[in-house]
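Visitor: Next up is a structure, given as structure tokens.
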Amino acid sequence: MPLLEAIDVHGGYGGMNILNGVDMTIEADEIGVIVGPNGAGKSTMLKAIFGLLTITGGEIRLRGEAITNLSPHKLVERGMGFVPQEKNIFPSLSVEENLEMGAFLKPATATRLKQQIYEFFPPLKEKRRQPAGELSGGQRQMVAMGRALMNEPSVLLLDEPTAGLSPLYMNEIFERVKTINAAGVGVLMVEQNAKQALRIADKGFVLAAGQNRFTDTGQALLDDPEVARSFLGG
Amino acid sequence: MNELIYFFNYVVVAGSVTGSIYAMGAIGVTLIYSILRFAHFAHADMMTLGAFLVLLLTLLFPHAGEPLGLPTAVVMLPIAMVLTSLAAVGIDRVFYQPLRNHGVKPIVLVIASLGVTLMLQGLIRLFSGTGAQSLYVDARKEIFRLEVPGVTRPIILTEPQIILFVVTIASVIALHLFLTRSRLGKAMRAMSDNPDLARASGINTQLIVTLTWVIAGSLATLAGTLLSLDVAFKPDLSFFLLLPIFAAAIVGGVGHPFGAVAGGFLVGFAETLAVFNWSVLLRPLRDSLPSWIELPNNLALVGTEYKIVVPFFILIAVLIWRPTGLFKGKVI
């Protein structure tokens, strides 16, 4: 049974349809990467899965159970983690408090998980008492991912985790995503840095105008001359 | 020395009393703003409501405080705090929450809170009458005179003033511990920082909203009651509280509970200093002053009856020169 399944999803904001039938499937041990031009509905798809916009058609399933249009709150309870692209930290809370908020539903495990996150993102341990808003872009992204991991999600949705980061940090984040996935967390992420992201992708989804244009393994998409020409800048 | 004691009684004590009351009101205003993003104009009436409930309970059980050796009104405080909190949560459910669910602009909620102000004032007046009433029913207010050696004039403190200081310090410490140590307190700060992310983290935002009203309602009850104990209960107390508590919240930087405390004391002391008769302090120097200077009897910056212009002035000055307040708050 696939971990996360989206079948012919339609939806958008205020009656305007952005998603016009998107299909996606990822298994528990996979990294799925959504790429495509601006306005293709990549982030919208992620938000639709996380219950942040109303889906007007189609279905989304988590381990076979329908979760279409469940509230984010309910989805977090069911083990879904979401890291938005922007405003993904609590700026005036300390790094440590940011992490604790991620474990709001499981306070008993917070202390143990915090230690794991600090081992996973060593720079955060040093800065644990600092307000998260004072950190650099890359470290903020670590706080944001750490916060989502504190709930021990079975599937993690990442909206452009490397947006605005230097290439050094970008590679670092991709490495972390691979490690997270290896630890048994299914990952679905939207990326602008398409080539680099597809390299770590088990599945790639190329969206255009709210529909799947190409769906294949990451490597197959990178090797496809048509995908390369139209979507990866040659 | 007598003059210094006079200064202590009329500025230090009076300023601390006013400051404590403004601080506790302003904390509520600032918390409600940070969680619900609107200026809650009915807050001063929540203070009146709290005091009114204490008056009601005191009239019902006038001797309840005797076994404890405390004024009955103080013993009734916890009950009134619970009732006011319930009323605050109820008002939110009936008036504000439906508007929030419609996704209205903050100004609509502000206007709704003005409606709640009028409603509360009317209701309280209906039951309490329009006159002033003492919260000391069947009892006498204790006044402590502390003799200072070598001075004829004593330091004067009343029982409600001492209770007020203790309660203010305790509430501020408790609030600090709650916001920085407890899971729900941190969640409250998280929601104030980034409500969407709070929801995406699984924080029960409805619970946080309820909690905000409970804290704001309880502090409002404390402030309103202790003010009424010190002076007297009046149904239009809120009229003299609304402007200062908003000035205090804005001076302190909206969204900062401790800024609100600082703002409360700043506004409170500014008020007392402005109405203080400075001539008293100059009197001992009268003999050394050149003869052509005649010391006037009253040398206050503003008359007591115009006290309310002080917070108004502070408010305008802050909004012009430092709209984020002393501690970088949100701009309303």
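Visitor: Enumerate the residues in region B:1-16 having an amide nitrogen under 16 Å from the point lying 7 Å beyond the Cα of residue B:288 toward its Cβ.
Guide: Only B:1-4 pass the distance filter.
Visitor: Take every DSSP beta bridge whose two residues both sit in chain A, then give the antiparallel share in percent to the nearest 5.
Guide: 55
Visitor: By how many nm would the segment from residue B:232 to residue B:125 lengthen if fully extended, with 0.36 nm per residue of separation less the alpha-carbon distance?
Guide: Between residue B:232 and residue B:125, full extension yields 37.0 nm more.
Visitor: Another question, if that's okay. If one takes the longest principal axis of the Cα atoms in chain A, at what angle in degrees, from 0 to 90 and to the nearest 10, does the Cα axis of helix A:137-149 lie?
Guide: Helix A:137-149 and the main axis of chain A meet at about 90 degrees.
Visitor: Computed FRET efficiency, Cβ-Cβ of residue B:321 and residue B:114, R0 25 Å: what is it to the nearest 0.05?
Guide: 0.35
Visitor: What does the charge count near residue B:211 come to, summing +1 for each Lys or Arg and -1 for each Asp or Glu among other residues with Cβ under 13 Å from its Cβ?
Guide: Within the 13 Å Cβ shell, the charges total +2.
Visitor: Around residue B:130, what is the net charge, scoring Lys/Arg as +1 and Asp/Glu as -1 over all other residues with Cβ under 14 Å from its Cβ?
Guide: Result for the local shell: +1.
Visitor: Placing unit charges on C-beta atoms (Lys and Arg positive, Asp and Glu negative, everything else neutral), compute the dipole magnitude of region B:2-321 about its Cα centre in debye, rounded to 20.
Guide: It comes to approximately 800 debye.
Visitor: Return one number: the angle in degrees, 0 to 90 and rounded to the nearest 10, between the long axis of the Cα atoms of helix A:167-182 and the longest principal axis of the Cα atoms of chain A.
Guide: The angle comes out near 90 degrees.
Visitor: While we're looking at this one, here's another question. Identify all lysines with a Cα-Cα distance to residue B:141 below 20 Å; exclude those on the same chain that are fewer than 8 residues away in sequence.
Guide: Output for residue B:141: B:234.
Visitor: Averaged across the residues of A:67-78, what count of C-beta atoms belonging to other chains lies within 10 Å of each residue's C-beta?
Guide: 2
Visitor: Within chain B, which complete DSSP H helices have Cα atoms spanning at least 30 Å along the helix axis and a mean Kyte-Doolittle hydropathy of 0.5 or higher?
Guide: Qualifying helices: B:14-36, B:106-128, B:159-181, B:205-230.
Visitor: Limiting things to C-alpha atoms, what are the Rg and the maximum Cα-Cα separation (Dmax) for region B:2-321, in angstroms?
Guide: Rg, Dmax (Cα atoms, Å): 21.2, 75.
Visitor: Suppose we keep just the DSSP beta bridges with both residues in the protein assembly as shown; what percent of those would be antiparallel, to 5?
Guide: 60
Visitor: Would you mind giving the mean number of other chain beta-carbons within 10 Å of the Cβ of each residue in A:89-102, as a whole number?
Guide: Per residue, the average neighbour count from other chains is 5.
Visitor: For region B:258-298, what number results from the quotient of the Cα radius of gyration and 2.2 N^0.38 Å?
Guide: 1.74
Visitor: Over the Cα atoms, compute the radius of gyration (one decimal) and Dmax (the largest Cα-Cα distance, rounded to a whole number) for the protein assembly as shown, in Å.
Guide: Over the protein assembly as shown's Cα set, Rg and Dmax evaluate to 30.0, 102 Å.
Visitor: Give the longest segment of chain B that steers clear of GluC sites (Glu not before Pro) in DSSP loops with at most 13 neighbouring Cβ atoms within 10 Å, not counting the sites themselves.
Guide: With GluC sites (Glu not before Pro) excluded where exposed in loops, chain B gives B:148-293 as its longest stretch.
Visitor: Which order do peptides A:116-127, A:137-148 fall in by mean Cβ count within 10 Å, highest first?
Guide: Peptide ranking by packing, descending: A:137-148, A:116-127.
Visitor: Structure shown: which of A:114/B:105; A:42/A:74; A:74/A:178 lie over 31 Å apart, alpha-carbon to alpha-carbon?
Guide: A:114/B:105
Visitor: 7 Å from Cα along Cα→Cβ at both residue B:170 and residue B:134: what's the point-to-point distance in nm?
Guide: Inter-label distance under the simple model: 2.5 nm.
Visitor: Next question, about the same structure. Hey, got the average number of other protein chain Cβ atoms within 10 angstrom for residues in A:103-112?
Guide: Partner Cβ neighbours, averaged per residue: 2.
Visitor: Go ahead and run the numbers for FRET between residue A:8 and residue B:180, Cβ-Cβ distance against an R0 of 60 Å, rounding to 0.05.
Guide: 0.80
Here, each number is a calculation from the coordinates, and none is a lab measurement. Note that the structure is predicted; figures quoted are calculated from it, not measured. Glycine also receives a Cβ, built like all others from the backbone with ideal geometry; neighbour counts cover every protein chain displayed.
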